[in-house]
Amino acid sequence: MDAQALKADFPILATSVHGQPLTYLDSAATSQKPRAVIETVDRYYRTQNANVYRGVYSLAATATEAFEGARDVVARFLNAPRETIVFTHGTTDGLNLVAQSHARTTLGPGDEIVVSPLEHHANLVPWQEVSRATGARLRFVEPEPDGSVTVEAVRSALTDRTRLVALAHVSNVLGTVTDIARITRAVHERGARIVVDAAQSAPHMPVDVTALDVDFLAFSGHKTLGPTGIGVLYGKPELLAAMPPHYFGGEMIEEVQLEHSTYKPPPMRFEGGTPHIAGAIGLARGLEYLMDVGLEEIHRHEVELARYALERLAEVEGITVYGPRERQAGIITFNLGDVHPHDVATALDEYGVCVRAGHHCCQPLMHRLGIHSSARASFYLYTTREDIDRFVHALVRTREFFLHAVG
């Protein structure tokens with residue numbers, strides 16, 4: 001895979017910051033957009049813009065065809081039946097849909113929800129709220145010292161009262177990859193359901209929901225080269241069919257009387273109101289781009305970059321890197337001595353290097369690591385070794401600056 005050639009497809013990567021070439025290392029937060037996605041969204045608004053489903057004129061039919069065509073692309077991307085694909089606002093929205101429409105209506109006092117301390121807040125707080133509302137109990141998987149979640153640890157957390165397991169496929173802090181296929185088999189042996197946060201896996205590696213046999217899986221469009229405000233929830237057909245809608249309005253209804261209404265089958269039942277039409281179409285084009293490049297190639301490229309980054313970071317005195325030594329994904333989380341991560345990120349920005357700083361919406365994990373926050377560099381298909389070299393050079397200069405300032 002030629003990352004340097006792919007970089008030319010992303011207009012923003014040709015820009016500069018503070019007179020320096022833009023070195024974008026924050027793709028775990030949001031990906032940049034290729035020209036193909038930008039032009040697809042622009043073309044929709046220029047030549048296809050109309051509301052979907054409701055119009056009988058040709059422009060509305062064209063918009064509807066493009067929107068439903070996007071659902072077909074997502075289904076192919078996940079290897080799933082199209083009726084299992086629900087468009088959402090993003091991963092957070094999808095996880096909340098499962099929490100409110102499935103878990104809250106099926107769980108009761110004494111039931112158990114199993115999660116891990118590594119989870120993004122979006123895959124923890126909804127289950128806290130379900131627990132509070134239903135009387136269900138939260139149980140926690142104990143990760144390995146390197147932050148990985150093993151099938152043995154999950155088995156240890158499962159009981160006869162376990163009804164739901166919620167896990168991230170890839171940690172957005174440590175970059176650890178969880179063996180979802182094996183864990184799913186263990187969960188199903190106990191008669192429980194599993195919901196997967198795929199925000200950090202779907203953009204970066206093959207995700208086949210049929211092979212994984214997961215019950216629910218959510219990911220975001222803005223991390224998969226698409227627009228913000230669009231995402232996907234996959235759910236097994238029988239589970240979606242049993243779930244009530246979680247918000248109400250136009251297009252999700254079948255029939256409305258003054259005092260009662262009936263609702264359409266999934267996925268329409270969960271897509272009330274005018275959807276993010278351009279977002280879905282742009283997302284589909286982003287997924288097509290990823291499939292054209294090849295998800296296996298993208299994953300291999302990112303892991304190789306992460307290994308190279310670790311080699312280069314070993315040259316930086318005072319740096320602490322978190323997570324497994326053997327990299328599993330294109331995420332490197334670190335701290336630079338006693339320098340606050342926000343100061344590190346601000347200093348790196350002067351060199352055109354963009355990294356994330358903070359608790360990464362994973363405060364329980366930060367507490368386990370014994371820190372309040374950290375900096376994070378994350379890679380994608382357009383990241384090159386030259387980007388890593390500029391990052392390390394800027395980090396060395398940043399360390400020198402703060403040593404001089406303290407001295």
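The values are calculated or read from the model by the stated rules, or taken from the named source; none is laboratory data. Just so it is clear, the structure is predicted and the values come from calculations on it, not from any experiment. Cβ sites come from the backbone with ideal geometry, for glycine too, and all protein chains shown count toward neighbours. The area values use the complete protein model at the heavy-atom level, side chains included, leaving out ligands, DNA and RNA. Shrake-Rupley method; radii C 1.70, N 1.55, O 1.52, S 1.80 Å.
This table checks each residue for (1) under 30 Å from HIS120 (Cα atoms); (2) surrounded by 18 or more Cβ atoms within 10 Å (Cβ to Cβ); (3) in contact (Cβ under 8 Å) with a residue 24 or more places away in the chain.
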position	(1), (2), (3)
THR15	no, no, no
ALA36	no, no, yes
ARG43	no, no, no
ALA61	no, no, no
PHE77	yes, yes, yes
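Quick check on the stretch 125-166: of everything there that is acidic (Asp, Glu) and closer than 21 Å to ARG368 by Cα, which residue is modelled with the lowest pLDDT?
Of the residues in the stretch 125-166, the ones acidic (Asp, Glu) are 129, 142, 144, 146, 152, 160.
Checking which are closer than 21 Å to ARG368 by Cα leaves us with 142, 144, 146, 152.
Values: GLU142: 95, GLU144: 93, ASP146: 89, GLU152: 98.
Among those residues, the one meeting the criterion is ASP146.
Taking the stretch 130-147 as the range and being under 26 Å from ALA28 (Cα atoms) and surrounded by fewer than 19 Cβ atoms within 10 Å (Cβ to Cβ) as the test, the residues that pass are PHE140, GLU142, GLU144, PRO145, ASP146.
Among the residues that make up the stretch 246-253, is at least one of them open to solvent by 30 Å² or more (accessible area, probe 1.4 Å), among the small types (Gly, Ala, Ser), over 17 Å from the mean Cα position of the chain (by Cα) and at pLDDT below 95?
Taking the stretch 246-253 first, the residues open to solvent by 30 Å² or more (accessible area, probe 1.4 Å) are 246-251, 253.
Keeping just the survivors that are among the small types (Gly, Ala, Ser) gives 249-250.
Next cut, over 17 Å from the mean Cα position of the chain (by Cα) only: 249-250.
Checking which are at pLDDT below 95 leaves us with 249-250.
Within the stretch 246-253, one or more residues are open to solvent by 30 Å² or more (accessible area, probe 1.4 Å), among the small types (Gly, Ala, Ser), over 17 Å from the mean Cα position of the chain (by Cα) and at pLDDT below 95.
Candidates GLU152, GLU119, GLU112: the one that is crowded, with 16+ Cβ neighbours inside 10 Å and more than 24 Å from the chain's Cα centre (by Cα) is GLU112. The single condition among (1) assigned to a loop (DSSP other than H, G, I, E, B); (2) on the phi < 0 side of the Ramachandran plot that TYR53 does not meet is (2).
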